[in-house]
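The values are calculated or read from the model by the stated rules, or taken from the named source; none is laboratory data. Everything numeric in this text was worked out from a predicted model, so none of it was measured. Positions of Cβ are backbone-derived with ideal geometry, glycine not excepted, and every protein chain shown enters the neighbour counts.
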Amino acid sequence: MKRCWILLSLLLASCRGGGGDSRELMTANLSALETAVDMESRRVDGDDVLAFDEAVVDLGEVPLGESRTIRVEAENVARKPVVVLEAYTSCDCTKVSFGKKPVRSGETIVFTVDFSADLAGTFFKKIAVRHSLSDKPVSFAIEGTVIKK
(Lines give C-alpha, C1' and ligand atoms only; values in the text may rest on other atoms or scores of the structure.)
Protein backbone atom coordinates (compact mmCIF):
# COMPACT_ATOMS: atom_id res chain seq x y z
CA MET A 1 0.00 0.00 0.00
CA LYS A 2 2.82 2.37 0.91
CA ARG A 3 4.40 1.67 -2.49
CA CYS A 4 1.15 2.70 -4.26
CA TRP A 5 1.11 6.03 -2.40
CA ILE A 6 4.70 6.72 -3.37
CA LEU A 7 3.98 5.98 -7.04
CA LEU A 8 0.82 8.10 -6.93
CA SER A 9 2.74 10.98 -5.34
CA LEU A 10 5.41 10.81 -8.02
CA LEU A 11 2.79 10.73 -10.77
CA LEU A 12 0.93 13.73 -9.35
CA ALA A 13 4.15 15.67 -8.88
CA SER A 14 5.14 15.05 -12.50
CA CYS A 15 1.73 16.26 -13.72
CA ARG A 16 1.81 19.53 -11.79
CA GLY A 17 4.45 21.14 -14.00
CA GLY A 18 3.56 24.50 -15.53
CA GLY A 19 2.99 25.11 -19.21
CA GLY A 20 6.67 25.92 -19.64
CA ASP A 21 7.73 22.45 -18.51
CA SER A 22 5.45 20.71 -20.98
CA ARG A 23 6.59 23.02 -23.80
CA GLU A 24 10.20 22.20 -22.97
CA LEU A 25 9.42 18.49 -23.00
CA MET A 26 7.57 18.80 -26.33
CA THR A 27 10.50 20.74 -27.83
CA ALA A 28 12.95 18.11 -26.59
CA ASN A 29 10.79 15.30 -28.02
CA LEU A 30 10.53 17.00 -31.41
CA SER A 31 14.27 17.66 -31.41
CA ALA A 32 14.95 13.98 -30.69
CA LEU A 33 12.55 12.95 -33.46
CA GLU A 34 14.21 15.32 -35.92
CA THR A 35 17.60 13.87 -35.00
CA ALA A 36 16.30 10.33 -35.65
CA VAL A 37 14.99 11.28 -39.12
CA ASP A 38 16.99 13.29 -41.64
CA MET A 39 14.28 15.81 -42.48
CA GLU A 40 16.32 17.30 -45.34
CA SER A 41 16.92 13.99 -47.14
CA ARG A 42 14.64 13.06 -50.04
CA ARG A 43 14.60 9.46 -48.74
CA VAL A 44 11.48 8.31 -46.91
CA ASP A 45 11.71 5.60 -44.28
CA GLY A 46 9.26 2.72 -43.86
CA ASP A 47 8.96 -0.26 -41.54
CA ASP A 48 7.03 -3.51 -41.07
CA VAL A 49 4.21 -1.79 -39.15
CA LEU A 50 2.79 1.15 -41.13
CA ALA A 51 2.44 0.86 -44.92
CA PHE A 52 1.64 4.25 -46.48
CA ASP A 53 -0.58 4.24 -49.56
CA GLU A 54 1.83 6.78 -51.10
CA ALA A 55 5.35 7.35 -49.79
CA VAL A 56 5.73 10.61 -51.76
CA VAL A 57 2.64 12.58 -52.82
CA ASP A 58 3.07 14.95 -55.78
CA LEU A 59 0.95 18.07 -55.33
CA GLY A 60 1.91 19.37 -58.77
CA GLU A 61 1.80 23.15 -59.18
CA VAL A 62 0.44 25.15 -56.26
CA PRO A 63 -0.16 28.90 -56.80
CA LEU A 64 1.76 31.16 -54.41
CA GLY A 65 -0.37 32.13 -51.41
CA GLU A 66 -2.73 29.18 -51.75
CA SER A 67 -2.87 25.96 -49.77
CA ARG A 68 -3.56 22.29 -50.39
CA THR A 69 -4.96 19.64 -48.10
CA ILE A 70 -4.36 15.96 -48.77
CA ARG A 71 -5.05 12.70 -46.99
CA VAL A 72 -2.48 9.94 -46.76
CA GLU A 73 -3.53 6.55 -45.43
CA ALA A 74 -1.30 4.05 -43.68
CA GLU A 75 -2.31 0.45 -43.02
CA ASN A 76 -1.21 -1.36 -39.89
CA VAL A 77 0.46 -4.44 -41.41
CA ALA A 78 1.72 -5.70 -38.04
CA ARG A 79 -0.04 -8.38 -36.03
CA LYS A 80 -0.51 -6.05 -33.05
CA PRO A 81 -2.46 -2.81 -32.62
CA VAL A 82 -0.38 0.34 -33.08
CA VAL A 83 -0.79 3.88 -31.75
CA VAL A 84 0.67 6.84 -33.59
CA LEU A 85 2.37 8.90 -30.90
CA GLU A 86 3.39 11.99 -32.86
CA ALA A 87 4.02 13.35 -36.32
CA TYR A 88 6.56 16.05 -37.13
CA THR A 89 6.87 18.13 -40.30
CA SER A 90 10.00 19.65 -41.77
CA CYS A 91 8.71 23.26 -41.70
CA ASP A 92 5.92 25.52 -40.45
CA CYS A 93 4.28 25.66 -43.90
CA THR A 94 3.21 22.02 -43.46
CA LYS A 95 0.84 20.84 -40.72
CA VAL A 96 -0.26 17.28 -40.06
CA SER A 97 -3.09 15.79 -38.00
CA PHE A 98 -4.03 12.17 -37.34
CA GLY A 99 -6.31 9.93 -35.29
CA LYS A 100 -5.30 9.22 -31.71
CA LYS A 101 -7.01 5.84 -31.34
CA PRO A 102 -5.19 2.49 -31.59
CA VAL A 103 -5.15 1.04 -35.11
CA ARG A 104 -5.81 -2.70 -35.23
CA SER A 105 -3.98 -5.03 -37.56
CA GLY A 106 -5.34 -4.60 -41.10
CA GLU A 107 -6.97 -1.22 -40.33
CA THR A 108 -5.83 2.17 -41.61
CA ILE A 109 -5.06 5.53 -40.07
CA VAL A 110 -5.50 8.77 -42.00
CA PHE A 111 -2.96 11.58 -41.90
CA THR A 112 -4.34 14.94 -43.03
CA VAL A 113 -1.61 17.21 -44.36
CA ASP A 114 -2.13 20.95 -44.92
CA PHE A 115 0.48 22.71 -47.07
CA SER A 116 0.65 26.52 -47.38
CA ALA A 117 2.49 27.82 -50.45
CA ASP A 118 4.45 30.67 -48.88
CA LEU A 119 7.53 30.72 -51.15
CA ALA A 120 7.86 30.24 -54.90
CA GLY A 121 9.92 27.28 -56.13
CA THR A 122 10.08 23.52 -55.78
CA PHE A 123 9.48 21.89 -52.43
CA PHE A 124 9.92 18.52 -50.73
CA LYS A 125 8.38 18.34 -47.25
CA LYS A 126 8.89 15.28 -45.11
CA ILE A 127 6.50 14.11 -42.40
CA ALA A 128 8.07 11.88 -39.73
CA VAL A 129 5.79 9.59 -37.73
CA ARG A 130 6.61 7.91 -34.43
CA HIS A 131 4.46 4.98 -33.30
CA SER A 132 4.18 2.58 -30.37
CA LEU A 133 5.75 -0.49 -32.00
CA SER A 134 9.15 0.96 -32.87
CA ASP A 135 11.77 3.36 -31.56
CA LYS A 136 12.62 4.36 -35.14
CA PRO A 137 10.27 6.82 -36.86
CA VAL A 138 8.84 6.25 -40.33
CA SER A 139 8.18 8.97 -42.88
CA PHE A 140 6.32 10.05 -45.98
CA ALA A 141 6.56 13.27 -47.98
CA ILE A 142 4.83 15.79 -50.21
CA GLU A 143 6.46 17.53 -53.16
CA GLY A 144 5.59 19.97 -55.89
CA THR A 145 6.24 23.44 -57.24
CA VAL A 146 4.89 26.73 -55.92
CA ILE A 147 4.25 29.03 -58.88
CA LYS A 148 3.62 32.78 -59.02
CA LYS A 149 0.06 33.61 -60.07
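Key figures for this structure:
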read-out	value
From Ser9, Ser31, residue being more than 22 Å from Ile127 (Cβ to Cβ) and either in a helix (DSSP H, G or I) or at pLDDT below 95 (or both)	Ser9
Selected residue (criterion: farthest from the chain's Cα centre (by Cα)) from residues of segment 114-123 that are assigned to a strand (DSSP E or B) and surrounded by fewer than 14 Cβ atoms within 10 Å (Cβ to Cβ)	Gly121
Subset of segment 34-73 that is aliphatic (A, V, I, L, M) and in contact with a Pro (Cβ under 8 Å, 6 or more places away or on another chain) - its residue that is surrounded by the most Cβ atoms within 10 Å (Cβ to Cβ)	Val37
